[in-house]
1. Can you name every residue in region B:41-56 that is hydroxyl-bearing (Ser, Thr, Tyr) and surrounded by fewer than 24 Cβ atoms within 10 Å (Cβ to Cβ)?
2. How many of the residues in region B:138-152 are of a type in the set (D, E, K, R) and surrounded by 16 or more Cβ atoms within 10 Å (Cβ to Cβ)?
3. Return the residues of region B:292-325 that are surrounded by fewer than 19 Cβ atoms within 10 Å (Cβ to Cβ) and outside any loop (DSSP other than H, G, I, E, B); say none if nothing qualifies.
4. Just give me the residues in region A:184-194 being surrounded by fewer than 21 Cβ atoms within 10 Å (Cβ to Cβ) and within 27 Å of B:Gln164 (Cβ to Cβ), in sequence order.
5. Residues that are among the aliphatic types (A, V, I, L, M), at negative phi and at pLDDT 90 or above: find the helices (runs of 4 or more DSSP H) completely inside region A:199-308 holding 1 or more of those.
6. Just for region B:62-79: of the residues that are buried (at least 17 other Cβ atoms within 10 Å of the Cβ) and either β-branched (Val, Ile, Thr) or closer than 13 Å to B:Thr14 by Cα (or both), which one is nearest to the other protein chains (Cβ to nearest Cβ)?
7. Looking at region A:39-69 only, could you name the residues that are in a loop (DSSP other than H, G, I, E, B) and aliphatic (A, V, I, L, M)?
8. Which one is farthest from the other protein chains (Cβ to nearest Cβ), of the residues in region B:153-163 that are outside any helix (DSSP H, G or I) and surrounded by fewer than 20 Cβ atoms within 10 Å (Cβ to Cβ)?
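The values are calculated or read from the model by the stated rules, or taken from the named source; none is laboratory data. Note that the coordinates shown come from a computational prediction; the quantities given were computed from them, not determined experimentally. Note that each Cβ is placed from the backbone with ideal geometry, even for glycine, and that neighbours are counted across all protein chains shown.
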Amino acid sequence: MLKAIIGQKTSKKNSYGKLLTPSFAISLVIFIAIVVLSAFAPVFATHDPNKNELQSSLAGPSKSHWLGCDVNGRDLYSRVLYGGRTALMGALGVVGLSIVLGIPLGLVCGYVGGLADTLIMRLCDVILAFPTLLLAFLFVATFGRGITISVVALGIVYVPMLTRLTRSLAIVEKNKTYVSAAISLGYSPLRIMYRHILPNCISTILVQLTLDLGYAILDLSSLSFLGLGVIEPTADWGAMLGQGRLYLLVNPYLSTVPGAVIVLSVVSLNIFSDCLRQYLDHTQVQLPSFEEYASRLEKQQKPQESGA
Amino acid sequence: MIDMENLLEINGLTVELMTERGIVYALSGVDLNVAHGQIHGVVGESGCGKSMTAKSIMRLHNPKRSRMGGTILFEGEDIAAMEIKEVERLRGKDISMIFQDPAMSLNPLMSVGNQIAEMARVHLKSSKAEARQIALGMLEKVGLSPAINRYRQYPFELSGGMQQRVMIAIAIACSPKLLIADEPTTALDATIQAQILELIQSLSDEMGMSVLFITHNFGIVAEICSAVSVMYQGRVVETGYTRSVLDNPAHPYTAALIASIPTMALESQKRLGSIPGRPDTLYENLSYCPFCARCPQAFGQCRNERPGYQYLEDGHRAACFGIGG
């Protein structure tokens, strides 16, 4: 399927569009590094992230503690790695939940329409009327603190955006001839929605999802920063930032390092999604100039000739 | 018509559509019969109701915005009166349709093989492997070979003619009894047109499949259709065997249409015939002959009464007061 999405503007051999632009590559490398370091945190960590060594409380960077220790004497470097797990797993949970709820709802609204559409869209309007974090506060206040509850709360808050997007895309696709053709071939509405309409919307949805992933990291960290997310002693970037801020003058690394990691992951995801959009969007192909293209083709052909 | 064994019998079909400017009487009494194994042409100018008739057979109108009357008997069962669930069972399996623009009618993100296989999966409940075999067979059948390579290709990798072949393969994958071809060659150039026509004809012969062939081209009708119905303003004005209609057009509209076919003959240096005026809008349900304003032979009765069918020899009939009068 990817071949068809991309292939409509680029053929395999003489590809116009370059996927690996510098910004795309850099953002990808940063994000993959963060994912790998967090996923294999036990391998890369030097200490148990939750072990208190009170004698080294607020210690600065040293050979044994690369980034120093927090107020409870826990190794900052190891906690940043483990905190990445919390952030990434949490963000995946948020986006996963919004996919599971948002895409089916959006397809039903867009394709079936009618009363279901009206009801679901009005419900979305209600949710969208509240600021994201405020609504998440409401959930936390009602159901209590904890990473699971924050993830579910943010997941639900993220649903309306995805529902709206999917709905608008589905409406566009619904009016194309191939959908009427599918109806006249006797396919069920469910099949048409999932096998025909959804794949044709997926490139835009994919971009939105990578963007959402970045925002989810940010929002989860915000909740934890305010003390509404994770419960101690779980390592989390937002919580670490919140706690470290109290000792900014004693050990600035405690707040700046988690903050920097949050920024890096969100920015790299944003750039990544922007590059993805440019690559998948048919109307925004960045074509090389004719001379550039011709010389590139020449270069491609030369090695083949010498080989033959 | 003549054959009592009709696969499809449309009697007095009316379709009214709701629009912002009022009710459009899109079809006002269509009578049309398609015999088993017959290729039946439907001819007429734009907006005369050809595609509307096809859509009605498939029940593709929005039931909330339209009203249907009359009967559409398919193998003796009235499609017009069916529950939509029952119609869905007919669609694709017993009645299939191919459209004017193949590039728009194929799912752009599914390999063509999978699109054919999907028909078998849905309607014949075949396994993945069986469906694949059926799809490969169909690709060969419509002349796309080597089928193995074509199977994996996407619509954008094929030419218009090949795309239409794929559409046909999808439509006939479940051996439908009736194929509705809605101007299947209009978007194709002349040489490809001929190939597609030949393909449809040979498939019809081979599978005993009836075809309702919608076109505005009398040349195509003469080539592949054994019977033809001429439509004007939402009505069938003349119907009969192709030879008899082409040689002895009874309705003035048919005669005028035939006169406006360009010929290659060098001696005919005269101007191409055309029909003066243009069709009325369909915002009222006319109680007179819709063609009378453009008809050279129109007389008093034509402007006051709606003509019924006058029967000629061999099932040939036309709705005109001028016949035999």
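1. In the first step, residues of region B:41-56 are kept if they are hydroxyl-bearing (Ser, Thr, Tyr); the result is B:46, B:51, B:53, B:56.
Within region B:41-56, B:Ser46, B:Ser51 meet the criteria.
2. Here is the first cut: in region B:138-152, the ones of a type in the set (D, E, K, R) are B:140-141, B:150, B:152.
Narrowing the set further to residues that are surrounded by 16 or more Cβ atoms within 10 Å (Cβ to Cβ) leaves B:141, B:150.
Qualifying residue count, region B:138-152: 2.
3. Residues satisfying the conditions are B:Gly300, B:Gln301, B:Arg303, B:Tyr309, B:Gln310, B:Tyr311, B:Glu313, B:Asp314, B:Gly315.
4. Once the filter is applied, which keeps residues that are surrounded by fewer than 21 Cβ atoms within 10 Å (Cβ to Cβ) and within 27 Å of B:Gln164 (Cβ to Cβ), region A:184-194 yields A:Ser188, A:Pro189, A:Arg191, A:Tyr194.
5. On the way: elements: A:237-244, A:253-280, A:290-307.
Per the criteria, A:237-244, A:253-280.
6. B:Ile79
7. Within region A:39-69, the first condition is being in a loop (DSSP other than H, G, I, E, B), and the residues that meet it are A:40, A:45-53, A:57-68.
Listed by number, the residues that qualify are A:Ala45, A:Leu58, A:Ala59, A:Leu67.
8. First pass over region B:153-163, keeping only residues outside any helix (DSSP H, G or I): B:153-154, B:158-159.
Filter once more, keeping what is surrounded by fewer than 20 Cβ atoms within 10 Å (Cβ to Cβ): B:153, B:158-159.
Details: B:Gln153: 10, B:Leu158: 12, B:Ser159: 15 Å.
The qualifying residue farthest from the other protein chains (Cβ to nearest Cβ) is B:Ser159.
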